[in-house]
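As structure tokens, the structure follows; a few thoughts come after it.
The values are calculated or read from the model by the stated rules, or taken from the named source; none is laboratory data. Source: prediction; values computed, not measured. For neighbour counting, all protein chains shown are included, and Cβ atoms are generated from backbone atoms with ideal geometry for every residue, glycine included. Ligands, DNA and RNA are excluded from the accessible area calculation, which covers all protein heavy atoms including side chains. Shrake-Rupley method; radii C 1.70, N 1.55, O 1.52, S 1.80 Å.
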Amino acid sequence: MQPNDLPLVCLPVGLSDEAAAQVLEFLNSLTEAFERHYADQLHRYYDATEQRKAEHSTRPTLTDPPF
């Protein structure tokens, strides 16, 4: 991946090891806060998505025993 591969994010090039770790910790904290804040909405979305997948899945009926 090149530095400009992500169109909406400008990633700094040449971070020190410590700075990279600090950015990662910040992003993890941000993600956790986002998930906590929007937990109900996220659960509804993923539950609905799973339900739609289950409704649309067509599993073939097995007539032959597997062995």
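Residue pairs whose Cβ atoms lie under 7 Å apart, sitting 6 or more positions apart in sequence or on different chains, and linking a residue in the range 11-30 that is free of Cβ contacts under 8 Å to residues at least 12 places away in the same chain and open to solvent by less than 70 Å² (accessible area, probe 1.4 Å) to a partner that is aliphatic (A, V, I, L, M) and assigned to a loop (DSSP other than H, G, I, E, B), are VAL23/LEU15. Among LEU42, LEU6, which is the only one that is surrounded by 10 or more Cβ atoms within 10 Å (Cβ to Cβ) and either at pLDDT 95 or above or basic (Lys, Arg) (or both)? After ruling out the rest, the residue left standing is LEU42.
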